[in-house]
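Working notes, structure below.
No value in this document is a laboratory result; all are computed from the given coordinates. Keep in mind that what you see is a predicted model, and the values were worked out from it rather than measured. Here the Cβ is made from the backbone with ideal geometry for all residues, glycine too, and neighbour counts use every protein chain on show.
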């Protein structure tokens, strides 16, 4: 019954979305306030409806209702509760429902928190959100319905892929989707502004928090996925330039460009047309990502949606939304008045450089991802575009980005003093050189590129700190005064410093991967292998039962100079139901390096394959991403964004102007 | 479900958990072995999605690794050993796509895009600067002078 109610709620949500798409748009056109306000009510109704549908599916999973096909295919009574719940989005239908849930969440949030928007703008934004909702709800209801019942319910389900039964992966999709779908808000704002024909500082001020929040969620989502790959795959790979990873990375790059260019619109009234375009591109890339993953167009094993009707449907959605918005852009963008002028060397100039490089980076990733498909379609030889391509084309684009991150914030708006900025960065430069030289010394002339990367990371980090220290006049005035300045500094400034620091931390972690050590051997019980300065001893391997698997649990002792450094337990887990084995690596994380041990297969003579790695600074990659997202959230908490502040400021300005007359 | 690649790949291609180079495959000469590792990082496991044979535990990846090591041990240079593998499996096996007419767009697209975008920016600036520098007309100058006078009074 509940399942049917969920299905029914989803159909109702579709009807409400149709209403939300049409009525407010007409209202904004005819200047009819009653019609405009329908958008708000519809969005506020749509969210509980979709949430109920989501809850209904979740309920079916929790009680293991094997009359629902989706539950049969992806669940099992033996599965721990957490994975019963997260199994909801571990499959095509459920993950599309999650997508729509996030969309309804964003729509509801816009309706709730944007009371200060001009009614016409709010109506149009919600209408665009409604249109996206119509498309995706129709997609779910027509081609991917998770509520279908089975004619002959089996006794038990097929279970979830054991590899997905992992906390890291359980929460990775919600964050990722919140990021993807969150950019629909900035997209809706962009389209609304194009219909309206007006973009101003207030528009940027409204759109930026949404873009920033989505960006934070996407950052966390990507980091989680990468971290999961690191500890699961058994050899510590964390990024593969796989099409599905690229699908999440492209919107991230474009979104990063967007949150920077929106600053220029807000502060300087320039780059308006470009920012609109970026908002459209960012969400389009999210849609392309969804298309790539869901349609099965990749010749990849990801294509768990191999049904061509689904592919066609998503393709149509893609053409309608991207084509429609870009056409609107082509028609309306020339009429957007461009605002403030600026010299090439200025804060705006630096942000333009950031946008130029990030956008080119996103285009490079898109090209590399789609090129094999393209060649395949035009009938050329099959081609592979793998990590070496991206390392050669994408990485060089990011080097100048990092070089500019430190200098940009030190430049003044309109016309900056590059020499002055660089002079103030001498400390950062010295640190970068020092780190590079120390790196060369410690690794006795190790890989040059990695050392360059470490130097750049030091430069970026110190650059961010120097800028922050200048703002609060650290060491120039009394510490108490500096503290006061720090307290009064806008949260957005603290957020920027944190986010740039996070970037530096991640870059350092990535660069340091070049220095990792690997040791791979067949080891008998009691024997040892040498890894860097560590002695790794396999003490024993025991069989242990788990909830829905049996594990071979190894006890491995790591010693340095005879002193015990760590006792670790890598496992191999065998899942009876799926006849599948997974590797549970044992990782000892410390600030400076990870010890990473995976247990491989046993051989006939009682030996076990042991893969042991020493990975310096590796955890910095994900820690840096978290710091970046945290910086974004600190920036988001800036009181200037809060509802009503801008409106009140305008009101005060009006009152003052009136008093002055 | 971004990491589905690796997930399904693991699930489909081998039941032995994550593994790549097996201890038994390795060449005894560390110099030769490290050359083989470097080459195999650039060769695709054909039955997997976007994984090198160095990373993949699929049977085919194992076979190619062994084949490659045979060639290296037989004294082939890096290029010759790679060419041998390519002759058997085609360009598809190269994770690093070769530069040839069919891939010009791929390889030169990104730098070309950067150059075009930069050129567009510079042109746009020039045009806007030119548009800004239109001198005041006689009427405008008069109007300005009048306003200035008014404000002085």
Quiz item: If you bin the C-alpha pair distances of region A:1-165 every 10 Å from 0, what whole percents do you get?
Solution: 12, 37, 26, 16, 8, 1
Self-check item: Relative contact order [Cα under 8 Å, 6+ residues apart], region A:176-404, whole percent
Solution: 23 percent
Self-check item: Normalised contact order of region A:51-140, rounded percent, pairs of Cα under 8 Å and 6 or more residues apart
Solution: 23 percent
Exercise. Answer rounded, prolate or oblate for chain A, using the Cα gyration tensor with square roots of eigenvalues a ≥ b ≥ c: rounded when a/c is under 1.5, else prolate when a/b is larger than b/c, else oblate.
Key: oblate
Quiz prompt | Gyration tensor verdict on region A:145-256 (Cα atoms; rounded if a/c is under 1.5, prolate if a/b is larger than b/c, oblate otherwise) | solution = oblate
Practice problem: Kindly provide the helix-only [θ] at 222 nm of chain A, computed as the sum of -39,500 (n - 2.57) over DSSP H runs of four or more divided by all residues, to the nearest 500 deg cm²/dmol? | Solution: -21500 deg cm²/dmol
Exercise. Whole Å is fine, so just give me how far the alpha carbon centre of region A:133-196 lies from that of region A:62-93.
Key: 15 Å
Quiz item: Sorted from fewest to most neighbouring beta carbons within 10 Å, what does the list A:228, A:468, A:215 look like?
Solution: A:468, A:228, A:215
Quiz item: Expressed as a whole number of Å, what is the distance separating the alpha-carbon centroids of region A:211-268 and region A:2-28?
Solution: 31 Å
Quiz item: What number, in percent, do you get for the relative contact order of chain A if the mean sequence gap of Cα pairs under 8 Å and at least 6 apart is divided by its residue count?
Solution: 11 percent
Self-check item: Gyration tensor (alpha-carbon) shape descriptor, region B:101-152, a/c threshold 1.5
Solution: prolate
Self-check item: Label-to-label distance, nm, for residues given as residue A:555 and residue B:73 (7 Å Cα→Cβ offset)
Solution: 3.8 nm
Practice problem: Starting with the fewest neighbours, write out B:89, A:371 ranked by other beta-carbon atoms found within 10 Å of each beta-carbon. | Solution: B:89, A:371
Exercise. Using Cα centres only, tell me the gap between region A:577-603 and region B:60-84 in whole Å.
Key: 29 Å
Exercise. With a point put 7 Å past each Cα toward its Cβ, work out how far residue A:82 is from residue A:448 in nm, to one decimal.
Key: 4.7 nm
Quiz item: Any idea what the alpha-carbon Rg over 2.2 N^0.38 Å comes to for region A:176-404?
Solution: 1.05
